[in-house]
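Student: So that we are looking at the same thing, I have put the structure below in structure tokens.
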Amino acid sequence: MESAEGTLDTERNNGVATVTIRHTAKRNAMTPAMWRQLPVVLGALAADTSVRVLLLTGADGTFCAGADISTLRTATDGTPPRDAPDAPDAQGLAVAAEEALAAFPKPTLAVVRGHCVGGGCQLAAACDLRFAAEDALFGVTPAKLGVVYPATSTERLVRLVGPSTAKYLLFSAELIGSERALRCGLADEVHPGGELDRQVADFAAVLASRSQLTQAAAKEFADGRGDEARVAHWRRESAAGGDLAEGVGAFLERRPPRFAWSL
């Protein structure tokens, strides 16, 4: 049964963990409790050596409509929800959840249907990749509320779509469809709704079969964390981990590799 405050459901299957945002009464909007829960969930999954890939999605045909605005305390609200944070505190919770997702050490894939708006787009952008259904709508909407979008989230959006598109999204708060999201880099693949699950499952299986050592190093380097110390670290791991020998041996023997290194 769904909590009145919403839940984050977790499922594991063949090395793939799926986290589902579930708050269907509010189009899967994130409450403060849900923002707080996400880093905890991610920490447990990161520590689980059986998990090789993370999928983030939303329940019932919607990814996430952002923050649950009804939980925010405002100056004009005489009866705020009990223990609700004010807007800056709520934004801090969202940023902490976003950063935990961005720092997740294994490949992450947002599976987007329906609305992916505000804080939902913030979460999708923090994933490594985004696969979308044809009906997906993306938007970054703080300009509708007079909210200053976090600097770190703005910088991440700029890296993903470029400064001009980031400004378009932030200035206008307009929603864009999946095809435009694909063109600008906000989505990596777009599929008909009936095919999305199969495409995601097939690609997640591919990711789960690849070298975690290669993926972990590539993720750090792609995210700008390839300083001299980390390069040296990954060289040592490569020499000691056995994935290189297994990959070359499997190639020469024309068999699937069985990579043993894990986070």
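Every read-out reported here was derived from the displayed coordinates using simple, explicitly stated rules and does not represent laboratory data. Nothing here was measured: the structure is a model prediction, and the numbers come from that model. Ideal geometry is used to build each Cβ from the backbone, glycine not excepted, and the neighbour counts take in all protein chains shown.
Student: Test of understanding: ordering CYS116, CYS184 by Cβ neighbours within 10 Å, fewest first, what list do you get?
Tutor: By the 10 Å Cβ count, ascending, the order reads CYS184, CYS116.
Student: Also, quick follow-up: Determine the calculated [θ] at 222 nm for the chain from helices alone, applying -39500 (n - 2.57) to every DSSP H run no shorter than 4 residues and normalising by the residue count; nearest 500 deg cm²/dmol.
Tutor: Details: 10 runs with 121 residues, N = 263.
Computed mean residue ellipticity for the chain: -14500 deg cm²/dmol.
Student: For the range 149-166, take each phi angle, set θ = phi - 60°, evaluate the Karplus expression 6.51 cos²θ - 1.76 cosθ + 1.60, and give the result in whole Hz per residue in order, putting x for glycine and proline.
Tutor: So the J values, rounded to whole Hz, are 5, x, 4, 5, 5, 4, 4, 5, 4, 4, 4, 7, 10, x, x, 5, 5, 4.
Student: For every other residue with a beta carbon closer than 11 angstrom to the beta carbon of LEU38, add +1 if it is Lys or Arg and -1 if Asp or Glu, then tell me the sum.
Tutor: -1
Student: Applying the Karplus parametrisation 6.51 cos²θ - 1.76 cosθ + 1.60 with θ = phi - 60° to the phi angles of the range 202-216, what ³J(HN,Hα) value in whole Hz is obtained for each residue in order, glycine and proline being reported as x?
Tutor: 5, 6, 4, 5, 4, 4, 5, 8, 8, 5, 5, 4, 4, 5, 5
Student: Could you list LYS144, LYS106 in order of exposure, starting from the residue whose Cβ has the fewest other Cβ atoms within 10 Å? It would help to have the intermediate numbers written out before the result.
Tutor: Working: LYS144 12, LYS106 22.
In order of increasing Cβ crowding within 10 Å: LYS144, LYS106.
Student: Provide, as a two-decimal number, the C-alpha radius of gyration of the range 211-253 over 2.2 N^0.38 Å, N being how many residues it has.
Tutor: 1.26
Student: Can you tell which of ARG235, ARG113, ARG159 shows the greatest fluctuation in a Gaussian network model of the chain with Cα springs below 10 Å?
Tutor: In this elastic network of the chain, the residue with the biggest mean-square fluctuation among ARG235, ARG113, ARG159 is ARG235.
Student: Now, a different point. Net charge within 11 Å of VAL53 by Cβ-Cβ distance, Lys/Arg positive one each and Asp/Glu negative one each, not counting VAL53 itself?
Tutor: Details: positive: ARG12, ARG52, LYS106, ARG210; negative: ASP128.
Around VAL53, the surrounding residues sum to +3.
Student: Something else now. List the lysines whose Cα sits under 29 Å from the Cα of LYS106, skipping any in the same chain fewer than 8 residues away.
Tutor: Cross-link targets: LYS219.
Student: Next question, about the same structure. Determine the percent antiparallel among the DSSP beta bridges restricted to the chain, to the nearest 5.
Tutor: Details: 9 of 31 bridges.
Antiparallel bridges: around 30 percent, rounded to the nearest 5.
Student: Springs between alpha-carbon atoms under 10 Å, Gaussian network over the chain: tell me which of THR154, THR57, THR31 tops the mean-square fluctuations.
Tutor: THR154
Student: Pick from SER238, SER164, SER50 the residue whose mean-square fluctuation is largest in a GNM of the chain, springs joining Cα atoms under 10 Å.
Tutor: SER164
Student: Oh, and also: Round to the nearest 10 and give me the degree value, 0 to 90, for the angle of helix 243-253's Cα axis relative to the longest principal axis of the chain.
Tutor: The angle comes out near 60 degrees.
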